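Below is one structure, written out as structure tokens, with a few remarks after it.
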Amino acid sequence: MKYPKIQTLWKRDPENKNRIIEGELTKPEFDNIKTWLFTEKIDGTNIRITFKDSIVRFDGRTDEAQIPSHLYAALSPMFTVEKFVSAFPQMTEGQHIVIFGEGYGPKIQKGGGLYRDDAGFILFDVWIDGWWLDRSNVEDVAKKMGLDVVPIMGIGPMNMAVELVKSAPNSLISKQPKVIEGIVARSYPLVLFRDGDPLMFKLKVRDYTDLQKV
């Protein structure tokens, strides 16, 4: 199972270097949500860990994506069969668990070494047999498995998330000063699109710095 595509909040203008068109929503459903929970968007590589039938599998955004060897070496001890069994003691035979997060750190993205000195993993979502866990349960999984979880940057209306991104704040988790890549905002409480994907959007600092370029 791949992670759902996260829509950018605003539509883009193909005739103006694909820059955002502020005020024109990509999804009309966004306008129905009054409160959003927004977390820091980490600049790394998408990682999913699947646990089913006592087998742990590591994948990138797609089945074909290659995980850097130094990142794979860091992931392996984090996600053992024993850790899954301990974190999910009520799991039944055939149950399907997918943990989604970002692999980040040196040699993963430009400036990744500002986050930390070694390759790491930070959790942002958990899916169990068709159910997406809410934030409190994601945090519970992180605690049980000894994982970091993407930090909350705020809870509030859409314009609060927009103004935060425009202010280009520093990352809450980086070891050295580093402007955030952006935010991912989820409906709060969690609701889903009709296709079952979580209702969420992303917005990057670059979306606004690009607007300022002539």
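Compute the FRET efficiency between Leu25 and Thr92 as 1/(1 + (r/R0)^6), taking r as their Cβ-Cβ distance and R0 = 45 Å, and round to the nearest 0.05. Between Leu25 and Thr92 the formula returns 0.65. For the chain, the mean residue ellipticity at 222 nm estimated from helices alone is -5000 deg cm²/dmol, where every DSSP H run of n ≥ 4 contributes -39500 (n - 2.57) and the total is divided by all residues, rounded to the nearest 500. If you take the alpha carbon atoms of the chain and fit the smallest convex hull around them, that volume is 134 Å³ per residue. Across Pro157, Pro14, Pro169, mean-square fluctuation computed from a Gaussian network of the chain (C-alpha pairs under 10 Å connected) peaks at Pro14.
What is the helix-to-structure angle for 135-145, meaning the angle in degrees between its Cα long axis and the longest Cα principal axis of the chain, kept from 0 to 90 and rounded to the nearest 10? For 135-145 against the chain, the angle is about 40 degrees. Each listed q (0.12, 0.13, 0.20, 0.23 Å⁻¹) maps to a log10 I(q)/I(0) for segment 153-214, found by the Debye formula over equal Cα scatterers with no solvent: -0.36, -0.42, -0.84, -0.98.
For the pair Lys143 and Asp13, label points projected 7 Å from Cα toward Cβ lie 4.8 nm apart. Based on every Cα atom in segment 15-92, Rg and the maximum pairwise Cα distance Dmax equal 18.9, 53 Å. Label-to-label distance, Leu190 versus Val81, with points set 7 angstrom from Cα along the beta-carbon direction: 2.8 nm.
To make sure I understand, if each residue's beta carbon is the centre and we count other beta carbons within 10 Å, what order do Leu9, Leu211, Leu147 fall in, fewest to most? Each step should come with its number before you reach the end.
Details: Leu9 24, Leu211 14, Leu147 20.
Arranged by neighbour count, lowest to highest, Leu9, Leu211, Leu147 become Leu211, Leu147, Leu9.
Within the listed set Met91, Met158, Met200, the residue fluctuating most in the Gaussian network model of the chain (springs between alpha-carbon atoms under 10 angstrom) is Met91.
Here the gap between Glu64 and Leu211, fully extended at 0.36 nm per residue and compared with their Cα-Cα distance, gives a gain of 49.5 nm.
In this entry, segment 100-207 is assigned a mean projected area of 7.7 nm², taken as a quarter of its C-alpha convex hull surface.
Going by how many other beta carbons lie within 10 Å of each one, how would you line up Glu181, Glu82, Glu163, fewest first?
Working: Glu181 20, Glu82 7, Glu163 12.
So the ranking, lowest neighbour count to highest, is Glu82, Glu163, Glu181.
When all alpha carbon pairs of segment 45-149 are counted in 10 Å bins from zero, the resulting P(r) reads 15, 49, 30, 6, 0 %.
Checking the Cα-Cα distances for Lys11/Lys34; Lys2/Lys202; Lys11/Lys144; Lys11/Lys41; Lys52/Lys175; Lys110/Lys144 against a 28 Å cut-off, the pairs over it are Lys11/Lys144; Lys52/Lys175; Lys110/Lys144.
No value in this document is a laboratory result; all are computed from the given coordinates. Fair warning: this is a prediction, and the values are worked out from it, not measured in the lab. Cβ sites come from the backbone with ideal geometry, for glycine too, and all protein chains shown count toward neighbours.
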